[in-house]
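> The structure's right below; bear with me while I get my questions together.
The values are calculated or read from the model by the stated rules, or taken from the named source; none is laboratory data. Here the structure is a predicted model, which is why all the values come from computation and not from measurement. Reconstructed Cβ throughout: ideal geometry from the backbone, glycine too, with neighbour counts over all protein chains shown. Side chains included, ligands, DNA and RNA excluded: accessible areas come from the protein's heavy atoms. Shrake-Rupley method; radii C 1.70, N 1.55, O 1.52, S 1.80 Å.
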Amino acid sequence: YEFDSTKTQYDYTIRNFASQEALDDFFAYPKKHQYYDTNVDIELGDSFITFQTCVRNQDTKRLIVVAKQIEE
């Protein structure tokens, strides 16, 4: 999803969640703004990583990618 720091107070760097509800609240913004629906849910205890990169010529925007570790 694309994140513009001038338009929201959302903190995409949070990593500790006390409950499933806190985790669901955290992921409500990315789910609402996602480019692709992968049908993968993240639950308390799952491992995930967040990547961020700049959006060309736009200092306040970031492209955010969240990936969940899936065991096979």
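> Counting only residues that are of a type outside the set (A, V, I, L, M, F, W, C), assigned to a loop (DSSP other than H, G, I, E, B) and surrounded by 12 or more Cβ atoms within 10 Å (Cβ to Cβ), how many does segment 13-57 have?
2
> Please identify the pairs in which a residue from segment 1-24 that is within 21 Å of LEU63 (Cα to Cα) has its Cβ atom under 6 Å from the Cβ atom of a residue that is assigned to a loop (DSSP other than H, G, I, E, B) and open to solvent by less than 70 Å² (accessible area, probe 1.4 Å), counting only partners at least 6 apart or on another chain.
As it stands, the answer is LEU23/PHE17, since those pairs meet every condition given.
> Okay, next question. Taking into account only those residues within segment 58-72 that are in a loop (DSSP other than H, G, I, E, B) and of a type outside the set (A, V, I, L, M), which is farthest from GLN9 (Cα to Cα)?
From segment 58-72, those in a loop (DSSP other than H, G, I, E, B) are 69-72; that's our starting set.
In the following step, the residues that additionally are of a type outside the set (A, V, I, L, M) were identified as 69, 71-72.
Numbers: GLN69: 27, GLU71: 33, GLU72: 36 Å.
Top of the filtered list is GLU72.
> Got a sec? Which of TYR1, TYR10 is modelled with pLDDT under 90 and surrounded by 13 or more Cβ atoms within 10 Å (Cβ to Cβ)?
Unique residue meeting the criteria: TYR10.
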